[in-house]
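Data block below; observations after.
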Amino acid sequence: MAETPTTPRTYRVKSFGCQMNVYDGERMGELLAEQGLSPAADGADADVVVLNTCHIREKAVDRVYSDIGRLRRDDGTTPMIAVAGCVAQAEGEEIMARAPSVKMVVGPQAYHRLPDMLTRADAGERVTDTDMPANTKFDALPARRRSGPTAFLTVQEGCDKFCTYCVVPYTRGAEISRPHADLLVEARRLVEAGAKEITLLGQNVNAWAGENAKGQATGLDGLIRDLAAMPDLLRIRYTTSHPNDMTDGLIAAHGDVEKLMPFLHLPVQSGSDPILRAMNRSHTVESYLRVLDRVRAVRPDIALSGDFIVGFPGESEADFAATLSLIDTVGYAQAFSFKYSSRPGTPAATMADHIAPEVMDERLQRLQAAVNRDQYAFNQASVGRVCDVLVERRGKLPGQWLGKSPWLQSVHIIKDSGEDFAVGDIATVEMVQAGPNSLTGRIVA
Ligand code: SAH
Ligand code: SF4
Ligand code: F3S
């Protein structure tokens, strides 16, 4: 049955969900490119399509099946479809049963075997691989050769925290940290390939632990300090962190590592202690606020971000009001908020007092209004600030460029005179105008 393609086959990887999936998607693309496939042009039909899926909420899962359906061509044929990511891990067998056009199912810890799976699928087999091998996939991935000015680097994977609503510990497996030496090599390759900013990724990135070149045990702060020593790497960020893993060392790094950007994404989920307990978050509102105070003490201008879930089972109006009050107290520069989504197999799914959808809708709207208000206020307070903007791409208008401030705000850069820059440059700008989602900056001489 194997076809012998005459022109190089094309591929497309479509990633959903978190930034770790984006990283994995890039790596799968690199694996396919090594096999001689070339990336499909924007909008063009691809011969091989990888849907790199997210299982976090019910809606994310529904999308997978509608996407598979949408890949059917007018003549009834389909590309070679692989389903990867967290839905593949959780529902691999179901996908194979429900969607005959899917030829490969590959979990997040097995995708280094994609080339081999493709060979078998080309021969007519339908292949599933959702193993979580002990020796990690990272050793089997190709060296990094291309990078834009900003790059992701997965340093930690998996989660041992088992929040009662969350599927991640089941889809990604137990917490593992990649070795320090490997990370320095990959970071160096990214920088050589053009990265100016690296965002360290992990489901609990600040749980990263390793041994440095001198054989000393070190946490994420040690890794950040070693990366900061790379001359051509200008900016370091990390996400997502857990409040309980904000060590003294990591907090201190925010005070004295200049390349560590003044931004902290620290999800809290709820501002009510009884709900946090039911979520098994293992922190309280008070302990969370204490962490923020300590970070602010060493880095007063830090921009804070968080994740919130509204409508967790049993959430009363008073619990929700406590969340709004926490938001008022913190003053987030940005935040992500979600309606609770019941995930089969998680402890919360069988809890009493599920919240009606219309109540969740209403709470989400109120929460988002509060967050939007604070985000706008944070942007407005930036007007007049002079800061460095990392130029990421051209804007829509001629002569316009887009980049990010140290506080992760999107900045439209206006040029008054002859200066020109390239993607990857640092532009020093004065922020002159603020909108709800972005700022405008004018180059200062
Ligand atoms: N490890 C990170 C993020 C995990 S997933 C952390 O602990 O913060 C990203 C976000 O998705 C979570 O922070 C949470 O806000 C949201 N989320 C996870 N499971 C969810 C569910 N069942 N329903 C709604 N939102 C959920
Ligand atoms: Fe999910 Fe909680 Fe782990 Fe975050 S810490 S990935 S929310 S179980
Ligand atoms: Fe989604 Fe898996 Fe990330 S469930 S949020 S893609 S870890």
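The values are calculated or read from the model by the stated rules, or taken from the named source; none is laboratory data. In this text, all values refer to a predicted model and were calculated from it rather than measured experimentally. Heads up, the Cβs are rebuilt from the backbone with ideal geometry, glycines too, and the neighbour counts pull from every protein chain shown.
Restricted to the stretch 131-144, and to residues that are of a type in the set (A, V, I, L, M) and part of a loop (DSSP other than H, G, I, E, B), which residue is nearest to ligand 3 (Cβ to nearest atom)?
Of everything passing the filter in the stretch 131-144, M132 is nearest to ligand 3 (Cβ to nearest atom).
What are the residues in the stretch 169-190 that are more than 16 Å from ligand 3 (Cβ to nearest atom) and without any contact (Cβ under 8 Å) to a residue 24 or more places away in the chain, if any?
V185
Got at least one residue in the stretch 228-242 being surrounded by 16 or more Cβ atoms within 10 Å (Cβ to Cβ), of a type in the set (G, A, S) and more than 22 Å from Q19 (Cα to Cα)?
no
Which ones in the stretch 309-344 are within 15 Å of ligand 1 (Cβ to nearest atom), farther than 16 Å from R373 by Cα and crowded, with 18+ Cβ neighbours inside 10 Å?
I309, V310, G311, F312, P313, E315, F320, F338, K339, Y340, S341, R343, listed by residue number.
Every residue in the stretch 177-208 that is within 16 Å of ligand 2 (Cβ to nearest atom) and small (G, A, S), please.
S177, G202, A207 - these are the residues of the stretch 177-208 that are within 16 Å of ligand 2 (Cβ to nearest atom) and small (G, A, S).
Hey, does the stretch 422-440 have a residue that's at pLDDT below 95, assigned to a loop (DSSP other than H, G, I, E, B) and surrounded by fewer than 14 Cβ atoms within 10 Å (Cβ to Cβ)?
So far as the stretch 422-440 goes, yes, one or more of its residues are at pLDDT below 95, assigned to a loop (DSSP other than H, G, I, E, B) and surrounded by fewer than 14 Cβ atoms within 10 Å (Cβ to Cβ).
If T218 satisfies every condition in (1) closer than 29 Å to L183 by Cα; (2) within 16 Å of ligand 2 (Cβ to nearest atom) but one, which is the exception?
Going through (1) closer than 29 Å to L183 by Cα; (2) within 16 Å of ligand 2 (Cβ to nearest atom) one by one, T218 breaks only (2).
Any residue that is without any contact (Cβ under 8 Å) to a residue 24 or more places away in the chain and part of a loop (DSSP other than H, G, I, E, B) - is there at least one of those in the stretch 356-378?
Looking for residues that are without any contact (Cβ under 8 Å) to a residue 24 or more places away in the chain and part of a loop (DSSP other than H, G, I, E, B), one finds at least one in the stretch 356-378, hence yes.
Any chance the stretch 127-140 includes a residue that's in contact with a helix residue (DSSP H, G or I) (Cβ under 9 Å, 6 or more places away or on another chain) and farther than 30 Å from A187 by Cβ?
yes
Yes/no per residue for (1) within 16 Å of ligand 2 (Cβ to nearest atom); (2) within 26 Å of the chain's Cα centre (by Cα); (3) not charged (D, E, K, R):
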position: Q89; (1), (2), (3): yes, yes, yes
position: E93; (1), (2), (3): no, no, no
position: P100; (1), (2), (3): no, no, yes
position: M104; (1), (2), (3): no, yes, yes
position: R113; (1), (2), (3): no, yes, no
position: G124; (1), (2), (3): no, no, yes
position: P133; (1), (2), (3): no, yes, yes
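Table: residues versus (1) more than 18 Å from the chain's Cα centre (by Cα); (2) aromatic (F, W, Y); (3) closer than 30 Å to A349 by Cα.
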residue	(1), (2), (3)
G25	no, no, yes
A33	yes, no, no
S38	yes, no, no
N52	no, no, yes
S66	yes, no, yes
V83	yes, no, yes
C86	no, no, yes
A110	yes, no, yes
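Quick test for you: out of M279, M246, pick the one residue that is more than 30 Å from P357 (Cβ to Cβ), in contact with a strand residue (DSSP E or B) (Cβ under 9 Å, 6 or more places away or on another chain) and within 15 Å of ligand 2 (Cβ to nearest atom).
Testing whether each residue is more than 30 Å from P357 (Cβ to Cβ), in contact with a strand residue (DSSP E or B) (Cβ under 9 Å, 6 or more places away or on another chain) and within 15 Å of ligand 2 (Cβ to nearest atom) leaves just M246.
Six or more apart or on different chains, Cβ under 7 Å: which pairs go from a residue in the stretch 145-168 that's within 14 Å of ligand 3 (Cβ to nearest atom) to one that's assigned to a strand (DSSP E or B) and among the small types (G, A, S)? Could you list them?
Cβ pairs passing all conditions: Q156/S177.
Just for the stretch 253-302: of the residues that are in contact with a Phe, Trp or Tyr (Cβ under 8 Å, 6 or more places away or on another chain) and among the β-branched types (V, I, T), which one is surrounded by the fewest Cβ atoms within 10 Å (Cβ to Cβ)?
Only one residue fits best here, namely I302.
Could you say whether any residue in the stretch 191-203 is touching a helix residue (DSSP H, G or I) at 6+ places or on another chain (Cβ under 7 Å), surrounded by 16 or more Cβ atoms within 10 Å (Cβ to Cβ), over 17 Å from Y23 (Cβ atoms) and touching a residue at least 24 places away in the same chain (Cβ under 8 Å)?
Checking the stretch 191-203: not a single residue is touching a helix residue (DSSP H, G or I) at 6+ places or on another chain (Cβ under 7 Å), surrounded by 16 or more Cβ atoms within 10 Å (Cβ to Cβ), over 17 Å from Y23 (Cβ atoms) and touching a residue at least 24 places away in the same chain (Cβ under 8 Å).
Cβ-Cβ below 6 Å, separation at least six or inter-chain, first residue in the stretch 421-444 and closer than 22 Å to T150 by Cα, second surrounded by fewer than 17 Cβ atoms within 10 Å (Cβ to Cβ) and of a type in the set (F, W, Y): which pairs?
These pairs meet every condition: A427/F421.
Scan (1) away from ligand 3 (no atom under 16 Å from the Cβ); (2) among the hydrophobic types (A, V, I, L, M, F, W, C); (3) more than 25 Å from L390 (Cβ to Cβ) for the single condition L234 breaks and write down its number.
Result: L234 fails condition (3) only.
Condition (residue is closer than 25 Å to P262 by Cα and hydrophobic (A, V, I, L, M, F, W, C)) applied to the stretch 168-182: is it met by at least one residue?
no
Rundown of residues vs (1) within 16 Å of ligand 2 (Cβ to nearest atom); (2) modelled with pLDDT under 95; (3) more than 28 Å from N280 (Cα to Cα); (4) in contact with a Ser or Thr (Cβ under 7 Å, 6 or more places away or on another chain), yes/no style:
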| residue | (1), (2), (3), (4) |
| --- | --- |
| T128 | no, no, yes, no |
| A143 | no, yes, yes, no |
| T154 | yes, no, no, no |
| Y165 | yes, no, no, yes |
